[in-house]
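Engineer: Below: one structure in structure tokens.
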């Protein structure tokens, strides 16, 4: 049980980081950056509010995968939760890159 509790806390802390990034993006007045160390200039984005909204929703949904992993850990055990975290860290990260590419192109 202690192992599951630790896992759930870590998953929820991770979710909080990603959801916070999403909320930050939703409220940002200038374009939200995706890649570390790069900036998106306002001139590159035709509708900054829509761009940041889509960016924020993307991050919030990604954070939700960690919340779901915590719930599955609680219901079904650490193994299932760990599988979900691995999927979020691999397939989910790849999906973020692809989704962000689509947001940026709009």
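Laboratory data are not the source of any read-out in this text; all were calculated from the coordinates shown. A quick note: this is a predicted structure, and the numbers were derived from the prediction, not measured.
Engineer: Give me the angle, in degrees from 0 to 90, between the Cα long axis of helix 48-76 and the longest principal axis of the Cα atoms of the chain, rounded to the nearest 10.
Structural biologist: 0 degrees
Engineer: Of 79, 14, 38, which has the largest mean-square fluctuation in a 10 Å C-alpha GNM of the chain?
Structural biologist: Comparing 79, 14, 38 in a Gaussian network model of the chain, the most mobile one is 38.
Engineer: Continuing with this model, one more query. What angle, in degrees between 0 and 90 and rounded to the nearest 10, separates the Cα long axis of helix 93-105 from the longest principal axis of the Cα atoms of the chain?
Structural biologist: 20 degrees
Engineer: Restricting to DSSP H runs of at least four residues, report the calculated mean residue ellipticity at 222 nm for the chain, -39500 (n - 2.57) per run over all residues, nearest 500 deg cm²/dmol.
Structural biologist: Value at 222 nm, helices only: -25000 deg cm²/dmol.
Engineer: Once you've got the GNM for the chain with C-alpha springs shorter than 10 Å, pick whichever of 80, 68, 91 has the biggest mean-square fluctuation.
Structural biologist: 91
Engineer: Pick from 82, 36, 16 the residue whose mean-square fluctuation is largest in a GNM of the chain, springs joining Cα atoms under 10 Å.
Structural biologist: 36
Engineer: To continue, here is another question. What do you get for the angle between helix 2-27 and the principal long axis of the chain? Use alpha-carbon atoms, 0 to 90 degrees, nearest ten.
Structural biologist: Orientation of helix 2-27: about 10 degrees from the principal axis.
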